[in-house]
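Colleague: To start, I am sharing the structure in question, which I have written as structure tokens.
The values are calculated or read from the model by the stated rules, or taken from the named source; none is laboratory data. Nothing here was measured: the structure is a model prediction, and the numbers come from that model. When we count neighbours, we look across all protein chains shown, and the Cβ atoms used for this are built from the backbone with ideal geometry, even at glycine.
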There are 2 protein chains.
Amino acid sequence: MTDFWNDEPHLKEKLETVSRTIENTVATAHGFIRPILLEHVQSVGKMLRPTLVLITSALGERSVTDDAIRVASVIELIHLASLVHDDIIDSATTRRGKSTIYAKLGAKQAVLAGDFLLAKALLLTSGKERGMDSRVVSAALSRLCESELEQDAGQGDFFIPRHAYLRRIAGKTASLFALSCYAGVALQEAEPLKLMLCHRIGYCMGMAFQIQDDILDYTGSSSKLGKNTGNDLKCGIPTLPLMYALEQEQMDGTTELRDLLQGSKTPLKQKTVDRALHLVASLDGVQKAQILAESYKMRALSDMKRLGHPQVERQLGNLLAKLSKRSV
Amino acid sequence: MTDFWNDEPHLKEKLETVSRTIENTVATAHGFIRPILLEHVQSVGKMLRPTLVLITSALGERSVTDDAIRVASVIELIHLASLVHDDIIDSATTRRGKSTIYAKLGAKQAVLAGDFLLAKALLLTSGKERGMDSRVVSAALSRLCESELEQDAGQGDFFIPRHAYLRRIAGKTASLFALSCYAGVALQEAEPLKLMLCHRIGYCMGMAFQIQDDILDYTGSSSKLGKNTGNDLKCGIPTLPLMYALEQEQMDGTTELRDLLQGSKTPLKQKTVDRALHLVASLDGVQKAQILAESYKMRALSDMKRLGHPQVERQLGNLLAKLSKRSV
């Protein structure tokens with residue numbers, strides 16, 4: 001889990017229980033798949049989604065730790081399953097420096113391994129948790145699939161409108177963040193305003209997080225994040241900086257970037273990628289995307305204040321600050 | 001749904017409601033995936049699993065039709081999702097004479113389409129049904145994945161012991177049949193004996209059904225079932241007739257079949273397949289497999305009697321008889 005949560009020992013301890021819950025659930029697998037799945041769930045990242053569940057579960061008087069840990073484990077298992085399937089879709093052989101399940105077992109077995117994790121997530125949804133309806137889990141998971149389907153089907157099409165991009169990242173990232181934030185406070189049977197605020201905080205954090213992640217493809221240092229600059233562009237995945245740049249071009253009445261992309265087949269040649277990266281930067285695409293990410297963060301911060309709970313506000317704010325640092 | 005249920009108009013009517021429930025659930029999908037998924041769920045087969053739920057849900061005094069229809073829809077959606085993923089694993093381009101989702105969209109998109117159906121199944125598990133615990137759904141789904149993983153990993157190994165084969169088909173077929181039979185009566189909060197009997201009836205029907213299906217690979221007419229005789233053999237999937245034949249050879253002290261398979265790489269050449277089919281038949285492999293399938297049927301029939309409910313007994317017996325006719 002890295003040392004991401006060293007400054008919140010209380011949260012860190014609970015997150016370790018979430019990790020153990022997930023490991024114990026997966027450890028029931030048989031045969032050769034067991035060590036592979038265990039390694040996958042152990043090489044977790046920062047556990048952002050479970051952390052959101054745990055933080056917002058404090059927004060009330062009840063003691064809901066056990067339920068919060070179970071719900072957090074469900075959401076992380078769904079996330080882990082989606083990563084296994086994502087790696088098939090992206091033909092990704094490594095993730096966080098380690099071989100993916102897809103690389104180890106091939107596409108066929110990776111499909112089943114992901115399904116197995118989804119089945120295990122279902123095991124932990126007893127259906128009896130206060131507020132945590134399987135309907136909301138289902139809605140988030142469906143949106144996740146739809147957004148990925150849409151992105152995959154549209155690959156190579158650089159010219160989608162900005163609202164289509166926003167809907168896509170809302171589905172593939174923000175909906176699970178929103179569910180996580182909502183699920184914690186839902187255990188408390190909180191009043192509707194708090195539920196709505198938490199859902200929106202998660203949504204805005206997810207949007208900011210994904211936009212920032214997409215910006216990194218235009219600015220990021222590949223060594224730190226294991227991503228190559230310009231990779232999305234190369235594969236034909238349009239993201240926000242590109243859209244703003246194309247809009248700016250249209251306003252300026254120039255067409256170099258548009259012509260460059262319209263005339264090229266994906267995967268783009270490195271020369272085309274380099275030129276496009278340069279053009280996007282000089283057309284202020286990156287800068288404008290950063291401004292939109294900031295505005296989502298601002299909305300999240302202002303909603304955090306409205307919760308009227310200093311500890312929760314501090315922890316959520318801390319998480320948002322940590323996420324922002326990734327872009328440095 | 002074909003005319004498979006014409007002789008049970010009452011059941012047929014409820015099955016049509018199950019179909020509509022599934023269609024309405026899937027119809028919420030967006031974009032290009034919607035018509036493809038709708039076609040997939042509309043080209044359903046005999047709806048064996050929902051039928052089992054509906055039949056056993058009559059084993060009590062309560063009126064549980066609505067719950068039974070929902071639970072039946074959940075199980076059929078899980079089955080439909082597993083078919084989408086199975087077709088990726090088997091690289092199958094047609095199913096029941098129609099193009100598979102894998103053939104239409106490719107492996108990547110088919111992964112997501114299957115996930116979407118699983119998400120929609122989750123939507124229908126409100127978690128509030130009497131007796132129908134998400135734990136049992138999860139257990140069946142996990143076993144399904146594990147058994148497929150095991151089969152896929154073992155492909156090309158003809159020499160697995162009989163109990164390994166039985167465990168494999170228990171996971172990939174019988175567990176979902178058992179769940180279906182169990183789920184219906186569980187809605188009635190029936191006494192433990194009835195729950196156990198129903199679970200075992202479903203299990204035995206599933207085992208008989210799968211063994212029979214595997215026998216068809218040795219005897220079946222390809223035109224009727226859209227399967228080619230000897231296909232499992234060719235692909236390196238060992239099934240019961242082969243195992244009995246190899247056991248017989250060992251008892252006889254001969255080794256032709258063993259040597260034939262040990263010396264060949266999968267996919268086998270047609271000449272090898274033809275010779276192996278001949279040897280399996282002459283070593284009584286098919287006949288012995290039929291006897292085991294019969295014994296599972298007998299156990300199911302005797303458990304049906306013990307339920308003490310003439311209508312349920314008749315309907316389950318009718319279903320079993322129909323399944324048996326497939327082998328003709």
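Colleague: Would you please name the residue that is surrounded by the fewest Cβ atoms within 10 Å (Cβ to Cβ), looking only at residues in region A:58-80 that are of a type outside the set (A, V, I, L, M) and either over 14 Å from A:ASN24 (Cβ atoms) or out of contact with any helix residue (DSSP H, G or I) (no Cβ under 8 Å at 6 or more places or on another chain) (or both)?
Modeller: Result: A:GLU61.
Colleague: Exactly one of (1) of a type outside the set (Lys, Arg); (2) modelled with pLDDT of 90 or more; (3) on the phi > 0 side of the Ramachandran plot is unmet by B:VAL53. Its number?
Modeller: Failed condition: (3).
Colleague: Consider B:THR100 against the criteria (1) touching a strand residue (DSSP E or B) at 6+ places or on another chain (Cβ under 7 Å); (2) at pLDDT below 85: it satisfies all of them except one. Which criterion is unmet?
Modeller: (2)
Colleague: Suppose we filter B:LEU141, B:LEU179, B:LEU112 for residues that are part of a helix (DSSP H, G or I) and more than 7 Å from chain A (Cβ to nearest Cβ); which single one remains? Even if it seems obvious, please write down each step before you answer.
Modeller: Details: B:LEU141 fails: more than 7 Å from chain A (Cβ to nearest Cβ); B:LEU112 fails: more than 7 Å from chain A (Cβ to nearest Cβ).
Going through B:LEU141, B:LEU179, B:LEU112 in turn, the sole match is B:LEU179.
Colleague: Here are the criteria: (1) in contact with a Leu (Cβ under 9 Å, 6 or more places away or on another chain); (2) at pLDDT below 90; (3) of a type in the set (Asp, Glu). Tell me which single one A:GLU23 does not satisfy.
Modeller: It fails just one condition, (2).
Colleague: Run A:ARG135 past the list (1) part of a helix (DSSP H, G or I); (2) farther than 17 Å from B:LEU117 by Cβ and report the number of the one that doesn't hold.
Modeller: So the condition that A:ARG135 fails would be (2).
Colleague: Within region B:295-327, count every residue that is under 15 Å from B:LEU48 (Cα atoms) and among the polar types (S, T, N, Q).
Modeller: Number of matching residues: 3.
Colleague: Shifting gears a bit: Look at region A:263-293 and say how many of its residues are in contact with a Ser or Thr (Cβ under 9 Å, 6 or more places away or on another chain) and within 22 Å of A:CYS204 (Cβ to Cβ).
Modeller: Qualifying residue count, region A:263-293: 4.
Colleague: Quick check on my filter: what residues within region A:287-328 are over 16 Å from the mean Cα position of the chain (by Cα) and either among the acidic types (Asp, Glu) or not in a helix (DSSP H, G or I) (or both)?
Modeller: Selection gives A:GLU294, A:ASP303, A:LEU307, A:GLY308, A:HIS309, A:GLU313, A:VAL328.
Colleague: Do we have B:ASP86 as outside the structural domain of B:VAL136 (by TED's automatic domain parsing) and either basic (Lys, Arg) or over 15 Å from the mean Cα position of the chain (by Cα) (or both) here?
Modeller: For B:ASP86, the condition - outside the structural domain of B:VAL136 (by TED's automatic domain parsing) and either basic (Lys, Arg) or over 15 Å from the mean Cα position of the chain (by Cα) (or both) - is not met.
Colleague: Those residues that are within 14 Å of chain B (Cβ to nearest Cβ) and among the acidic types (Asp, Glu), I need them from region A:38-89; list them, please.
Modeller: A:ASP67, A:ASP86, A:ASP87
Colleague: So is A:THR21 surrounded by 13 or more Cβ atoms within 10 Å (Cβ to Cβ), more than 22 Å from A:LYS325 (Cβ to Cβ) and away from chain B (no Cβ under 14 Å) or not?
Modeller: Numbers: surrounded by 13 or more Cβ atoms within 10 Å (Cβ to Cβ): yes; more than 22 Å from A:LYS325 (Cβ to Cβ): yes; away from chain B (no Cβ under 14 Å): yes.
For A:THR21, the condition - surrounded by 13 or more Cβ atoms within 10 Å (Cβ to Cβ), more than 22 Å from A:LYS325 (Cβ to Cβ) and away from chain B (no Cβ under 14 Å) - is met.
Colleague: Let me ask something additional. For a quick check of your reading of the model, give me the residue pairs whose first member lies in region B:145-166 and is assigned to a helix (DSSP H, G or I), whose second is among the hydroxyl-bearing types (Ser, Thr, Tyr) and crowded, with 21+ Cβ neighbours inside 10 Å, with beta-carbon atoms closer than 6 Å and at least 6 apart or on different chains.
Modeller: If the second residue must be among the hydroxyl-bearing types (Ser, Thr, Tyr) and crowded, with 21+ Cβ neighbours inside 10 Å, no pairs are left.
Conditions tested, residue by residue: (1) within 23 Å of A:THR65 (Cα to Cα); (2) among the hydroxyl-bearing types (Ser, Thr, Tyr); (3) modelled with pLDDT of 85 or more.
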{"position": "A:GLN109", "(1), (2), (3)": "no, no, yes"}
{"position": "A:LEU112", "(1), (2), (3)": "no, no, yes"}
{"position": "A:PHE116", "(1), (2), (3)": "no, no, yes"}
{"position": "A:LEU123", "(1), (2), (3)": "yes, no, no"}
{"position": "A:SER126", "(1), (2), (3)": "yes, yes, no"}
{"position": "A:GLY131", "(1), (2), (3)": "yes, no, no"}
{"position": "A:VAL136", "(1), (2), (3)": "yes, no, no"}
{"position": "A:LEU144", "(1), (2), (3)": "no, no, yes"}
{"position": "A:ASP152", "(1), (2), (3)": "no, no, no"}
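For every residue, the table says whether it meets (1) closer than 20 Å to A:SER73 by Cα; (2) surrounded by fewer than 21 Cβ atoms within 10 Å (Cβ to Cβ); (3) hydroxyl-bearing (Ser, Thr, Tyr).
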| residue | (1), (2), (3) |
| --- | --- |
| A:VAL111 | no, no, no |
| A:ALA119 | yes, no, no |
| A:GLN155 | no, yes, no |
| A:PHE159 | no, yes, no |
| A:LEU176 | yes, no, no |
| A:GLY184 | yes, no, no |
| A:LEU193 | no, yes, no |
| A:MET207 | no, no, no |
